[in-house]
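Peer 1: Quick one: the structure is below, questions incoming.
The values are calculated or read from the model by the stated rules, or taken from the named source; none is laboratory data. These numbers come from a predicted model, not from an experiment. Cβ atoms come from the backbone with ideal geometry, glycine included; neighbour counts cover every protein chain shown. What goes into the accessible areas is simple: the full protein's heavy atoms, side chains included, and nothing from ligands, DNA or RNA. Shrake-Rupley method; radii C 1.70, N 1.55, O 1.52, S 1.80 Å.
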Amino acid sequence: MMEFVPGPAVHRVLCADCGTPIVPNSANLCVACLRNTIDITEGIPKQASVAFCRNCERFLSPPQSWTIARPESSELLAICLKKLKGLNKVRLTDAHFIWTEPHSKRLRVSITIQKEVLTNTILEQTFEIEYLVQYGQCPDCAKLAAKNTWKALVQVRQKVPHKRTFLYLEQLILKHNAQKDTISIKEVRDGLDFFYSSRSHALKMVEFFSSVAPVKSKSSEQLLSTDTHTNTANFKYTYSVEIVPICKDDLVCIPLRQARTLSNINPLTICIRVGNSVQLLDPQTLQACDIQAQIYWRSPFEALASVTDLVEFTVLDIDPDHSRRKGKFVMADAQVALAGAFHSKAKAPIDEDVMDFDSIGDTNQIYHTRTHLGAILQPGDTVLGYFLTNANFNSDEFTNLPQDRIPDIILVKKTYPNRRKKSKARNWRLRSIAKEAGEEGETSGARGAIGRMGGRDQKKVEEDYEIFLRDLEEDPELRAGVNLFKAPEVKMAAPESSKEKKGRGKRAQFAMDVDEEAPIERVPAAVLDDADAEEEVDFPEIPLDELLEGFDEMTLGPADGEEPVQ
C-alpha cells in the first residue's frame with residue numbers, strides 16, 4: 001500500500017479590507033479590493049474622436065497624414081490607439097473593435113492593459129473606449145473644392161487636328177503613375193492643362209513629358225502677394241510644353257538643307273516612331289534618320305498629310321528583296337490598285353463611310369511602287385497609303401522637289417477591312433483618368449481625360465480613339481508602353497433593323513467612355529449578311545499573357561456617384 005503524504009500547508013491571510021482569506025501578497029488585499037483601491041486606467045481617456053474625410057474616405061493619422069482605412073481594420077485600430085494618451089505608461093496586451101451600427105458615427109474599442117501596481121504585483125484590466133467620428137476635409141479635398149488654389153500649371157499643347165497623341169500620353173501617365181500629384185486636369189482646344197499644388201510636382205511632370213515625347217518648354221510666373229517685412233513672395237508658376245506636330249504614319253517633307261545634314265536622306269519620308277525623338281524612314285531606300293527635339297525646334301517643319309488622308313489600295317503583286325532588309329522592314333516592288341477598282345459597280349455595296357474613288361482618277365489603273373512592307377504584304381492584301389498623283393500640298397518644300405523623285409503612291413501600313421466589318425468586340429480595355437466633378441467648361445459625360453469638351457468634337461475624338469486602338473493592336477512596340485486589361489465578357493444582342501438605325505445617331509464601335517458593366521454589342525443586320533466574307537489570316541490578336549487583371553478606373557478624385565479606387 002502507498003503511504004499517504006500530505007501536501008505542504010497553504011498559509012492564508014485575511015484581506016485587509018473585506019476579510020476574505022487570500023494567498024499572502026505584498027498588498028494583503030484581494031483582487032477585487034485591489035481594483036477598487038488602484039485604477040490602472042487612470043490617465044487614459046475613455047472617449048476620443050477621429051477625423052474622417054467623406055470625399056476621399058480617409059482618416060487622419062496623427063499628426064498630419066491621411067490614411068485609407070476600412071471599417072474594423074488593423075489600420076483603423078492603429079489610428080484609434082494613436083489618439084490615446086497614457087498608453088506608454090502601461091502594457092497593452094489586447095485591443096479589438098466592438099460592433100456598432102455603421103451609421104452611428106461611433107467606434108467602440110475594447111482594450112486590455114497590464115501594470116505593476118506594487119512590488120511583484122501585476123494588475124490586468126479590460127475597458128472600453130468610445131470614439132466619435134467627426135467629418136471634415138483633408139487638405140487635398142479642400143484644394144479641390146476651392147477655386148484657383150493651384151500653385152503650378154503645366155500646359156501641354158500639340159497643334160494637330162486630332163487627339164491620338166494625348167490618348168497615348170494618357171496611357172503613359174497611368175502606366176508610370178505620373179498623375180498621383182495632380183489636383184485636376186482640364187481639356188482645352190489643342191491639349192490638356194495639369195494643375196498642381198506644388199511647383200516641384202509640376203517640374204516633375206515637365207521632366208516626364210520630356211522623357212516620353214519630343215517637346216520644348218518654357219516657364220513663367222505671376223506674383224500674387226509679397227511681404228516687405230519678411231522679404232517673401234507668393235507666386236503662381238506656369239509651364240508651357242509644346243509637342244512636335246508630327247505623329248506616327250504621317251507624311252513628312254524635310255527641308256532640303258536639313259535633309260542634307262541627316263545623311264543626305266530623301267526629303268519625302270514617313271514617320272515610323274515618335275518617342276523622345278522623331279524617327280523618319282524613306283520607304284524607297286529604307287534609309288532612316290532620328291531627329292532630336294533640339295534639332296527639330298531649330299528649324300521646325302510640319303507634316304504634309306496624316307492618317308486621315310490615307311487611301312485603301314489592294315496589293316496585286318509583291319516582289320520582296322530579302323537582301324535589302326533593315327530591322328523589320330524589307331524592300332519590295334509592289335503593284336497596287338485602288339480598293340474596289342475591279343469590282344462590279346452593280347454589285348458594289350452602298351456605304352456612306354466608303355470614299356468615292358471615282359473622283360480621284362482612273363480606278364482601274366495599276367500603280368507600281370516601292371515599299372518597305374515586303375515582310376508582311378501578300379497579293380490580295382489591303383494596304384493604306386498616300387495617293388500623291390493628284391495630291392496638292394501647301395508646302396514650299398514639296399513644291400521644290402524634282403518631279404521624278406515623287407512616287408505616285410507611298411504605302412504606309414497594312415489594314416484588315418474584312419475583320420473590321422465583323423464588329424467583333426475586343427477582349428481588352430484601357431484605363432482612363434476619371435473626370436473631375438463640376439469642372440469648369442465641361443459639357444460632356446465622357447469619363448476620360450480626353451473628350452470632355454463634348455459638342456462637335458466628341459465624334460472626332462471617338463474616331464481618333466478607334467484609330468488609336470487599332471494602332472495598339474497592330475504595333476507590338478507601341479503596345480509595350482501601355483497597360484492592357486482584360487475586358488468583361490461581351491453580350492451580343494440581336495441585330496438592329498434599319499428603322500432602329502434611323503431612330504438614333506451613329507456611334508463608334510468603341511466609344512470613349514469606359515463601361516462599368518459588361519457591354520452589349522449590337523451587330524448590324526448588314527454585317528450578318530456579310531458573315532461569309534473571308535477574314536484576314538494574319539489579323540493581329542493580342543495574346544492573353546499581355547493582358548492584366550483587375551480592370552478598374554483610375555481617379556484623381558471620385559465624381560458624383562462613383563466610388564474611389566483603393
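Peer 1: I'd like to know if region 366-384 contains one or more residues that are over 29 Å from GLU462 (Cα atoms), open to solvent by 50 Å² or more (accessible area, probe 1.4 Å) and assigned to a strand (DSSP E or B).
Peer 2: Yes, that holds for at least one residue.
Peer 1: Something else: Quick check on region 16-46: of everything there that is touching a helix residue (DSSP H, G or I) at 6+ places or on another chain (Cβ under 9 Å) and small (Gly, Ala, Ser), which residue is most open to solvent (accessible area, probe 1.4 Å)?
Peer 2: The residue in question is ALA16.
Peer 1: Any chance region 214-228 includes a residue that's open to solvent by less than 50 Å² (accessible area, probe 1.4 Å) and in contact with a strand residue (DSSP E or B) (Cβ under 9 Å, 6 or more places away or on another chain)?
Peer 2: So far as region 214-228 goes, yes, one or more of its residues are open to solvent by less than 50 Å² (accessible area, probe 1.4 Å) and in contact with a strand residue (DSSP E or B) (Cβ under 9 Å, 6 or more places away or on another chain).
Peer 1: Determine which member of the set THR100, THR67 is at pLDDT 85 or above, farther than 28 Å from ASP17 by Cβ, surrounded by 15 or more Cβ atoms within 10 Å (Cβ to Cβ) and not charged (D, E, K, R).
Peer 2: It is THR100.
Peer 1: What is the one condition in (1) open to solvent by 40 Å² or more (accessible area, probe 1.4 Å); (2) out of contact with any Cys (no Cβ under 7 Å at 6 or more places or on another chain); (3) farther than 20 Å from ASN120 by Cα that LEU84 does not satisfy?
Peer 2: (1)
Peer 1: Is it fair to say TYR135 is of a type in the set (Phe, Trp, Tyr), over 30 Å from THR238 (Cβ atoms) and open to solvent by less than 10 Å² (accessible area, probe 1.4 Å)?
Peer 2: Against the criterion (of a type in the set (Phe, Trp, Tyr), over 30 Å from THR238 (Cβ atoms) and open to solvent by less than 10 Å² (accessible area, probe 1.4 Å)), TYR135 does not qualify.
Peer 1: Additional query: Under 9 Å between Cβ atoms, which residue pairs at least 6 apart in sequence (or on different chains) link something in region 107-128 that is over 15 Å from VAL31 (Cα atoms) with a partner that is open to solvent by 90 Å² or more (accessible area, probe 1.4 Å)?
Peer 2: Close Cβ pairs satisfying both conditions: LEU107/PRO71; LEU107/GLU72; ARG108/TRP99; ARG108/GLU128; VAL109/GLU128; SER110/GLU128; ILE111/GLU128; ILE113/ARG91.
Peer 1: Scan (1) closer than 23 Å to PRO161 by Cβ; (2) touching a Leu at 6+ places or on another chain (Cβ under 8 Å); (3) without any contact (Cβ under 8 Å) to a residue 40 or more places away in the chain for the single condition LYS248 breaks and write down its number.
Peer 2: (3)
Peer 1: Looking only at region 299-345, which residues are within 21 Å of ASN392 (Cβ to Cβ) and among the polar types (S, T, N, Q)?
Peer 2: Passing the criteria: SER306, THR308.
Peer 1: How about region 176-212: which of its residues are among the small types (Gly, Ala, Ser) and either in a helix (DSSP H, G or I) or open to solvent by 10 Å² or more (accessible area, probe 1.4 Å) (or both)?
Peer 2: ALA178, SER184, SER197, SER198, SER200, ALA202, SER210, SER211
Peer 1: Then there's this: Kindly provide the set of residues from region 310-343 that are of a type in the set (S, T, N, Q) and modelled with pLDDT of 90 or more, ordered by number. Spell out how you get there, then give the answer.
Peer 2: Pass one, region 310-343, residues of a type in the set (S, T, N, Q): 314, 323, 335.
Listed by number, the residues that qualify are THR314, GLN335.
Peer 1: If the Cβ limit is 8 Å and pairs must be 6+ apart or interchain, which residue in region 259-278 that is under 27 Å from PHE209 (Cα atoms) and in contact (Cβ under 8 Å) with a residue 40 or more places away in the chain pairs with which residue that is among the acidic types (Asp, Glu) and assigned to a loop (DSSP other than H, G, I, E, B)?
Peer 2: Once the first residue is under 27 Å from PHE209 (Cα atoms) and in contact (Cβ under 8 Å) with a residue 40 or more places away in the chain and sits in region 259-278, its partners that are among the acidic types (Asp, Glu) and assigned to a loop (DSSP other than H, G, I, E, B) give ILE270/ASP249; ILE270/ASP250.
Peer 1: Looking at SER49, is it under 54 Å from the mean Cα position of the chain (by Cα) and either at pLDDT below 80 or hydroxyl-bearing (Ser, Thr, Tyr) (or both)?
Peer 2: Answer is yes for this residue.
Peer 1: Being exposed (fewer than 13 other Cβ atoms within 10 Å of the Cβ) and of a type outside the set (Lys, Arg) narrows it down to one of ASN231, ASN276, so name that one.
Peer 2: ASN231
Peer 1: Answer yes if at least one residue in region 255-264 is in a strand (DSSP E or B) and either aliphatic (A, V, I, L, M) or surrounded by fewer than 20 Cβ atoms within 10 Å (Cβ to Cβ) (or both), and no otherwise.
Peer 2: No, every residue in region 255-264 fails to be in a strand (DSSP E or B) and either aliphatic (A, V, I, L, M) or surrounded by fewer than 20 Cβ atoms within 10 Å (Cβ to Cβ) (or both).
Table: residues versus (1) free of Cβ contacts under 8 Å to residues at least 40 places away in the same chain; (2) closer than 30 Å to GLU466 by Cα.
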position: GLU130; (1), (2): no, no
position: TYR135; (1), (2): no, no
position: ALA152; (1), (2): no, no
position: ALA178; (1), (2): yes, yes
position: GLU187; (1), (2): no, yes
position: ARG199; (1), (2): no, no
position: PHE208; (1), (2): yes, yes
